[in-house]
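These notes concern the structure reproduced below.
The values are calculated or read from the model by the stated rules, or taken from the named source; none is laboratory data. In this text, all values refer to a predicted model and were calculated from it rather than measured experimentally. Note that we place each Cβ from the backbone using ideal geometry, even for glycine, and neighbour counts take in every protein chain shown. Protein only, heavy atoms only, side chains kept; ligands, DNA and RNA dropped before computing areas. Shrake-Rupley method; radii C 1.70, N 1.55, O 1.52, S 1.80 Å.
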Amino acid sequence: MSTNARVSIAIAAVFVLIAGIVLAVKAGDTPEPSASSNSDRFVRSDSHKLNVAADGKATFVEFLDFECESCRAAYPVVEQLRKDYAGKVTFVVRYFPLPGHFNGERAARAVEAAAKQGKFEQMYQKMYETQAEWGEKQVPADDQFRAFAKDLELDVVAWSKDYADPSTLERIKRDVADGEALGVTGTPTFFLNGAKLEPKSVADLTASIDAALQ
């Protein structure tokens, strides 16, 4: 079997896992969004972009929770899409920690604090790579997240200050507010050029992206 075939099968298997875990974990009832009032809520000026396409033809937005197992399952799929559509699609990350996840909000603060030192992506990846170590627990993961900051060679004193800074939490809450206004009720939730996606397979995602690029 070729390497490409094995990769395709692996990605497909991940999507099966996402469906099994439950793609949309409920965060509460939210009214249907109004397109006119929410046109600027998909991507803010301070939103984190993993990839940027110069032509701006396709923008893929994910609302996520770093403690969410479904988000962890989707992570390699999104990473593969980033590789496949590098330079063609802008990939945007929005925070949406769910109330039922004890360390979800803490993880978002840890990532945002790292972003202030230019290492958003590195901490974003670290969270998913280590989720099994700190996720689904009812004790604060502050010390673990601080250790991650040290591993990434951040200024830990500055990181700790930003981690505890109320403005960092407010930044995350703005993402959550945007998500709620857009009808996000669980994670991961994907939007492409402002349209909510409900993929059942990787092929559904690639087909939507290909159509947007035509």
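Here L169 passes the criteria (1) open to solvent by 30 Å² or more (accessible area, probe 1.4 Å); (2) at positive phi except the one numbered (2).
Number of residues in segment 165-187 that are out of contact with any Ser or Thr (no Cβ under 6 Å at 6 or more places or on another chain), part of a helix (DSSP H, G or I) and more than 17 Å from E112 (Cβ to Cβ): the value is 1. The residue that is nearest to K200 (Cα to Cα), counting only those in segment 37-57 that are open to solvent by less than 30 Å² (accessible area, probe 1.4 Å) and touching a Ser or Thr at 6+ places or on another chain (Cβ under 7 Å), is N51. Scanning segment 54-90 for residues that are assigned to a strand (DSSP E or B) and closer than 20 Å to G186 by Cβ gives F60, V61, E62, F63, L64. Residue pairs whose Cβ atoms lie under 7 Å apart, sitting 6 or more positions apart in sequence or on different chains, and linking a residue in segment 188-214 that is part of a helix (DSSP H, G or I) to a partner that is of a type in the set (G, A, S) and at pLDDT below 95, are V202/A12. Mind listing just one residue for me: the one in segment 99-123 that is closer than 13 Å to F145 by Cα and touching a residue at least 60 places away in the same chain (Cβ under 8 Å) and, of those, nearest to the chain's Cα centre (by Cα)? The selected residue is A108. Among the residues of segment 59-81, not a single one is open to solvent by 50 Å² or more (accessible area, probe 1.4 Å) and at pLDDT below 95. When A115, A107 are screened for being among the aliphatic types (A, V, I, L, M), in contact with an Asp or Glu (Cβ under 8 Å, 6 or more places away or on another chain) and closer than 19 Å to E170 by Cβ, only A107 passes. Checking each residue in segment 120-164 for being open to solvent by 50 Å² or more (accessible area, probe 1.4 Å) and not in a helix (DSSP H, G or I) picks out E136, K137, Q138, V139, P140, E153, D155. Just so you know, in segment 37-53 the residues that are among the polar types (S, T, N, Q) and part of a loop (DSSP other than H, G, I, E, B) include one that is modelled with the lowest pLDDT, and it is S37. Applying the condition of being among the hydrophobic types (A, V, I, L, M, F, W, C), out of contact with any strand residue (DSSP E or B) (no Cβ under 6 Å at 6 or more places or on another chain) and under 19 Å from K49 (Cβ atoms) to segment 172-194 and asking which residue is most open to solvent (accessible area, probe 1.4 Å) yields V176.
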